[in-house]
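Each reported figure results from applying straightforward, stated rules to the coordinates on display, with no laboratory input. Just so it is clear, the structure is predicted and the values come from calculations on it, not from any experiment. Cβ: placed from backbone, ideal geometry, glycine included. Neighbour counts: every protein chain shown.
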Amino acid sequence: MLAYIQISLDSAQENRIYESLKAMKGVKDVHVLFGEWDMLVKLETHSPEDLAAFVMDNIRSLPGVKLTSTMIVAR
């Protein structure tokens, strides 16, 4: 299952969170953005339950993460 996660951050957290995300298993790409969202993460998991657990346990738990939005790829 492939998903993209948009992340909004507290200011000046991009470098630390970028490095943390790049090191996580299942993360295929991480991009720092200009605009409404600060980062875009491409993630591959086995199931919707794994995706939910990953977002809650690994992304939302990072200090500096304010908000996430998950988009599951249909095909």
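Quick check on this structure: which one of SER61, SER69 is among the polar types (S, T, N, Q), in a strand (DSSP E or B) and surrounded by fewer than 16 Cβ atoms within 10 Å (Cβ to Cβ)? I'd like the intermediate steps shown before the answer.
On the way: SER61 fails: in a strand (DSSP E or B).
None of the other options fit; the residue is SER69.
Taken over the range 44-58, the residue count meeting the criterion of being surrounded by 12 or more Cβ atoms within 10 Å (Cβ to Cβ) and charged (D, E, K, R) is 2. Inside the range 44-58, can you point out the residues that are in contact with a strand residue (DSSP E or B) (Cβ under 8 Å, 6 or more places away or on another chain) and not in a loop (DSSP other than H, G, I, E, B)? Listed by number, the residues that qualify are GLU44, PRO48, LEU51, PHE54, VAL55.
Filter the range 31-66 for residues that are free of Cβ contacts under 8 Å to residues at least 40 places away in the same chain and of a type in the set (Lys, Arg) and give the result. Result: ARG60, single match. Working only within the range 22-43, note down all residues that are surrounded by 15 or more Cβ atoms within 10 Å (Cβ to Cβ) and in a strand (DSSP E or B). VAL27, VAL30, MET39, LEU40, VAL41, LYS42, LEU43, listed by residue number.
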